[in-house]
2 protein chains.
Amino acid sequence: MQIGFIGLGLMGRPLALHLAAAGHELHLWARRPASLAPFADVAATCHPDPAAVAARAEIVFTMVADAPDVEAVVLGADGLAVGAHSGLIVVDMSTIAPAAAQKIAVRLAAKDIEFLDAPVSGGEAGAIAATLTIMVGGKPEVFERVKPLFGKMGKSATLIGPAGAGQVAKACNQILTGVGVMAVAEALAFATRSGVDAAKVREALLGGFAGSRILENHGSRMLERNFKPGFKAWMHQKDLRIVMEEAHRLGLALPSAAATAQMFNAMVGSGLGEEDSVAMLKLLERMSGQEL
Amino acid sequence: MQIGFIGLGLMGRPLALHLAAAGHELHLWARRPASLAPFADVAATCHPDPAAVAARAEIVFTMVADAPDVEAVVLGADGLAVGAHSGLIVVDMSTIAPAAAQKIAVRLAAKDIEFLDAPVSGGEAGAIAATLTIMVGGKPEVFERVKPLFGKMGKSATLIGPAGAGQVAKACNQILTGVGVMAVAEALAFATRSGVDAAKVREALLGGFAGSRILENHGSRMLERNFKPGFKAWMHQKDLRIVMEEAHRLGLALPSAAATAQMFNAMVGSGLGEEDSVAMLKLLERMSGQEL
């Protein structure tokens, strides 16, 4: 199949390579030519702009940072919509606001272009291992057509609902993982400050109701003081900004997400933005005067 | 073995019955005689006060509500310490402040009485099924002597550290479960308010980093709108009061636990204290004007 891929960063590069490995022909465009280097040895054509990619592909994936980037690539002057043929499917795997995804879907529908929002969870490691969780919003028949390709990128792809629903699920994911990292950092700091072996506490609690993937994975990295990303704190800050903007729009109070969003603001402000979100433990320790 | 048990409520009753079923002879005292009725058919002797229980037992378990109750039973005028022989082991399974447990341990040590703090996680269902997680503070040799009895009450018993360490681990457990319930309620309310099927979101997220026992178990009860306890909100409120008092004493900021403690205060204030902690979802909906 002829497949377009735009956004060849930490997440997009391994995903595009999985599709090439599955025998598909790639059509690429990148702002920085260096991003195209890893595709020298696969069946890939580089194009001068997104419009040219759209002209050659049946399905185009985008995986960029934020809503303005998606809008520029999809709806901009030489964007996908300009070069698109009727029936093209655009699949945005970036994490953006549900309302922004819905707006793009409406704009593309007016030109007979199909759209799925398909944000992912699992980070760079999940992208490389093709074990991502993919949350999809859009029409069922479009989802079915893209599903075999999702299968090359993740271990599960779920159609949550209509356009924007994938982003709503991702926002829920970022509430749970962000607040989860915060709570695990608080529990481990509490144990240590109380003079108790935090590793033993984590071990004892893993089997009970407090057990979670975050306590298991992120808790272990906190105890090893391994703050290497993974998933950078500034990206989690951005995702929680989206959550809090949506909560504002919906008139919905989210007290624990709000407290956590403030802490991610403080992480970025205090120079921890490029570290993994587990560096939340460092911030907590610094705040209370006991960084190890 | 001759075993004392004081505190025959929702949690204590099934635990004492497990010990009787294992062939031990029980020595009981209860403030309300009605609490003794379930023990009519087992090998159990009822005593007029805790001191009399201590005189007959090798090990005495207590499972009451809060620190003042433990102190009354253990150190009061006719408490366990009054009737105790040298070498008695007192095991408190209540959830109280680490500092309170340490104080009791010191007071008992002065009379040659051994003490373990051994709070549990898993709720009434875990007590009945003998699948509790038991977190223990105290001396290793005392822990080893009580371990076979813990094995009749829970699926795991871990010696975390010296006196009070079990309560520190339990406080960590209550941070993780309390904040976890809050975050799951927020995520599900966010999905519903966004017009998306919250059950599908939960299902999609369970397999990824957002996966947790709380999302699985408590999330499912929220979606079924089953608010029957389980673990009552006023008890979680009490446990987070202990956490926040300790955090105050330690000079340690716990932002997400603090936000969650405030919400448990509001649950109790708005008449949800006797419901399960998953009724947090109701509070969140009421606050933002959309209780279903």
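Taking only the range A:174-206 into account, find how many residues are outside any helix (DSSP H, G or I) and facing another protein chain (nearest Cβ under 7 Å).
So the count comes out to 3.
Yes or no, residue by residue, for (1) over 19 Å from the mean Cα position of the chain (by Cα); (2) closer than 16 Å to A:Ala163 by Cα:
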| site | (1), (2) |
| --- | --- |
| A:Phe61 | no, yes |
| A:Pro68 | no, no |
| A:Ala77 | yes, no |
| A:Ser86 | yes, no |
| A:Met93 | no, yes |
| A:Ala97 | no, yes |
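Are any of the residues in the range A:23-35 of a type in the set (Asp, Glu) and modelled with pLDDT under 95?
No, every residue in the range A:23-35 fails to be of a type in the set (Asp, Glu) and modelled with pLDDT under 95.
Which fully enclosed helices (runs of 4 or more DSSP H) of the range B:1-110 have 2 or more residues being in the same structural domain as B:Met153 (by TED's automatic domain parsing) and open to solvent by 30 Å² or more (accessible area, probe 1.4 Å)?
B:12-21, B:50-56, B:67-75, B:98-109
Being under 18 Å from B:Ala84 (Cβ atoms) and of a type outside the set (A, V, I, L, M) narrows it down to one of B:Gly7, B:Gly12, so name that one.
Only one candidate passes the filter, namely B:Gly7.
Can you name the residue in the range B:111-133 that is assigned to a loop (DSSP other than H, G, I, E, B) and within 13 Å of chain A (Cβ to nearest Cβ) and is also surrounded by the most Cβ atoms within 10 Å (Cβ to Cβ) among such residues?
B:Ala118
This table checks each residue for (1) at negative phi; (2) out of contact with any Ser or Thr (no Cβ under 8 Å at 6 or more places or on another chain).
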| site | (1), (2) |
| --- | --- |
| B:Gly230 | no, no |
| B:His236 | yes, no |
| B:Ala247 | yes, yes |
| B:Gly251 | no, no |
| B:Ser270 | yes, yes |
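Determine if the range A:136-151 includes at least one residue that is modelled with pLDDT of 95 or more, outside any helix (DSSP H, G or I) and surrounded by fewer than 24 Cβ atoms within 10 Å (Cβ to Cβ).
Yes, because at least one residue in the range A:136-151 is modelled with pLDDT of 95 or more, outside any helix (DSSP H, G or I) and surrounded by fewer than 24 Cβ atoms within 10 Å (Cβ to Cβ).
Kindly provide the set of residues from the range B:218-232 that are open to solvent by 50 Å² or more (accessible area, probe 1.4 Å) and outside any loop (DSSP other than H, G, I, E, B), ordered by number.
Result: B:Leu223, B:Lys232.
Quick check on my filter: what residues within the range B:237-292 are in a loop (DSSP other than H, G, I, E, B) and within 11 Å of chain A (Cβ to nearest Cβ)?
B:Gly251, B:Leu252, B:Ala253, B:Leu254, B:Ser288, B:Gly289, B:Gln290, listed by residue number.
Go through the range A:152-165 and count every residue that is open to solvent by 10 Å² or more (accessible area, probe 1.4 Å) and either of a type in the set (Lys, Arg) or assigned to a helix (DSSP H, G or I) (or both).
Residues meeting the conditions: 2.
In the set B:Glu186, B:Glu203, which member is acidic (Asp, Glu), modelled with pLDDT of 95 or more, open to solvent by 10 Å² or more (accessible area, probe 1.4 Å) and over 18 Å from B:Ala125 (Cβ atoms)?
Just one listed residue meets the conditions, B:Glu203.
The values are calculated or read from the model by the stated rules, or taken from the named source; none is laboratory data. If you're wondering where the values come from, they're calculated on a predicted model, not measured in any experiment. Because the Cβ atoms are built from the backbone with ideal geometry, glycine has one as well, and the counts that use them run over all protein chains shown. Quick note on the areas: whole protein, heavy atoms, side chains included, nothing else; ligands and nucleic acids left out. Shrake-Rupley method; radii C 1.70, N 1.55, O 1.52, S 1.80 Å.
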